[in-house]
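Enquirer: I have a structure here, written as structure tokens, and I will follow up with some questions on it.
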Amino acid sequence: MYRHLASECPAHDQAEGGGDNPQWPEPPEPPEPPSWPPKPPGDEPRPRPPAHPGKPPGHPQHPPPHHSRPHIHNETIWQLISKSNYTKKFAEYVAEFEDLVTLLNSTVANYTVFVPTDRAFDNVEKHIHNKHPSKEKIKQALTYHITNEPFPIFKLLLSHTIPSALHSDQLGGPQRLRIGLGPHGFAVNFYSHIVAGNIFASNGVIHGVDNILIPPPDVEVILSLFPTQFSTFSLAAHLTNLKADLPAVTRGGTLFAPPNSAWERLPRKVNAFLFSPFGRKYLKALLQYHVVLNETLYSDAYYHPIAQEGEVQSLPKGQYHVDLPTLLEGKHLSIDISRFGGFINIVINGQSVVRVQDGIARNGVIQVVKNVLIPPRKPPADPVEAARREMEDIEIQHGIGEMTLEDFKSRFEGLLED
């Protein structure tokens, strides 16, 4: 697979045809803004760049020899970007910041840069018109395209999130990029796709992308962008004034966000009670149970409060367990993460699963859950009764049984605000 990917990248063509100036394939048209889960619209598959740009369609294509390896240019990332005919605009912006040029010319480490093509900038400029962001915002956006580690394609296959060079005070660590493999290839933060990968330089690797990577907004803003999915949660947060319970300054956080479909799975009587004036306290406690402050749990990384500033714990392969304290005082969420290669499964309280992982936000991460999370009942002293209740909870989670309103209310005894 590695040789196959290398044979399709422009760097490999240079190895066969010679020359110092890397030729980037013409990128496809950028997709429209995504839906949730974000995905590029349209049923037509994204056209793949030709293995040998510039050759006529009828020209015979010859596979690389078995011993071929990716060609590594003797030039730095900055030298390759600045001379390419497809990345002139990105290079113009980077050239305004001497420290970024120095970084991309440095050979003390290997970097990864997701470089938007000129067409990606053209698409943005058509919409912003005369609006010009500040130099500080521009530099933040440029830095967000850079990682301080090498991530060739084969390494991206095993990654769900990777750290960018942009440090976030609201996270207490680097802002991350979300990596996913879908029907249209590799997607970065759901909406930007790699159109030319594995362009190796002397100090790292370049991946050409078809959309500019914008540093993500806050969790609240992201939810508001998908009203068809999170309108019920947003309404509940508004009715309970949940924002007033959040401290002014936090160091990251994790929101286990139930979409509208999760609320629809609740029994009708429970839903009606929650959104009535009589159930307002229960609704607030229920939302608090979905919020974790100062601990940001991605599917493959964990920013926790006892870590030093900027220290990130990478989650090990195999099984990982952590209990996260929620905004509902005295209640934790039991999280089990299973990692096998590029496959990751997240289970909450042994029952509910995360449907969409790692919604990157400026002040934390969004994990979209399948079901509304409800605190478990207090375990009875009788082990037989405890087993029976556990079986009932499993049946309720799978839609076999139905929770009564009395059972729902009993789970919040001693947890409600006066």
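Enquirer: Between Ser261 and Asn148, take the C-beta separation as r, use R0 = 35 Å, and let me know the FRET efficiency to the nearest 0.05. Walk me through the intermediate numbers first.
Expert: Values: r = 39 Å, r/R0 = 1.11.
The pair Ser261/Asn148 has a calculated efficiency of 0.35.
Enquirer: Once fully extended, how much extra length lies between Val249 and Leu225, figured as 0.36 nm per residue of separation less the alpha-carbon to alpha-carbon distance? The partial results should precede the final answer.
Expert: On the way: separation 24, 0.36 × 24 = 8.64 nm, distance 2.34 nm.
This chain segment gains 6.3 nm when fully extended.
Enquirer: Can you tell me how much longer the chain between Asp122 and Phe275 gets when fully stretched, taken as 0.36 nm per residue apart minus their C-alpha distance, in nm with one decimal? Working shown, then result.
Expert: Details: separation 153, 0.36 × 153 = 55.08 nm, distance 4.60 nm.
This chain segment gains 50.5 nm when fully extended.
Enquirer: A further question on this structure: Which order do the peptides 224-234, 283-293, 131-141 take when ranked by the mean count of other beta-carbon atoms within 10 Å per residue, highest first?
Expert: Values: 224-234: 16.7, 283-293: 21.8, 131-141: 12.1.
Taking the mean over residues of other Cβ atoms within 10 Å, the ranking is 283-293, 224-234, 131-141.
Enquirer: Follow-up. Could you please state, rounded to a whole Å, how far the C-alpha centre of the range 152-189 is from the C-alpha centre of the range 211-248?
Expert: 22 Å
Enquirer: To continue, here is another question. So between Glu92 and Ser106, what do we pick up on full extension, going 0.36 nm a residue minus the alpha carbon distance? Each step should come with its number before you reach the end.
Expert: Numbers: separation 14, 0.36 × 14 = 5.04 nm, distance 1.85 nm.
Between Glu92 and Ser106, full extension yields 3.2 nm more.
Enquirer: If packing is taken as the mean number of other Cβ atoms within 10 Å per residue, what is the order of 406-415, 105-114, 143-152, highest first? Please list the in-between numbers first.
Expert: On the way: 406-415: 14.0, 105-114: 17.6, 143-152: 19.4.
Ranking, from highest mean packing down: 143-152, 105-114, 406-415.
Enquirer: Label-point separation (nm) for Ile306 and Lys409, each offset 7 Å from Cα along Cα-to-Cβ?
Expert: Going by the 7 Å Cα→Cβ label model, 4.0 nm.
Enquirer: Moving on to the next point. Please state the charge dipole magnitude for the range 301-366, taken about the Cα centre, from unit charges on C-beta atoms (+1 on K and R, -1 on D and E), reported in debye and rounded to the nearest 20.
Expert: Numbers: 5 positive and 6 negative charges, 51 e Å.
Computed about the Cα centre, the dipole is about 240 debye.
Enquirer: Could you compute the FRET efficiency for Ile72 and His321, with r as their C-beta to C-beta distance and R0 at 30 Å, rounded to 0.05? Working shown, then result.
Expert: Values: r = 41 Å, r/R0 = 1.37.
FRET efficiency, Ile72 to His321: 0.15.
Enquirer: Which residues does the label zone of Leu416 cover in the range 328-361, counting backbone N under 11 Å from a point 7 Å along Cα→Cβ?
Expert: Taking a point 7 Å out along Cα→Cβ of Leu416, no residue of the range 328-361 has its backbone N under 11 Å.
Enquirer: Please label the shape of the range 219-410 as rounded, prolate or oblate, based on the square roots a ≥ b ≥ c of the eigenvalues of the alpha-carbon gyration tensor (a/c under 1.5 means rounded; beyond that, a/b larger than b/c means prolate, else oblate).
Expert: Working: a/c = 1.65, a/b = 1.20, b/c = 1.38.
Cα axes put the range 219-410 in the oblate bin.
Enquirer: What is the spin-label model distance, in nm, from His132 to Glu392 if the labels are put 7 Å beyond Cα along the C-beta direction?
Expert: 6.7 nm
Enquirer: Using 11 Å as the cut-off for backbone N distance, which residues of the range 311-325 belong to the label zone defined by a point 7 Å from the Cα of Asn345 along Cα→Cβ?
Expert: From the range 311-325, the list is empty.
A short reminder: the numbers here are calculations on the coordinates, not readings from a lab. The structure displayed is predicted, hence computed values, not measured ones. Note: ideal-geometry Cβ built from the backbone for every residue, glycine included; neighbour counts use all protein chains shown.
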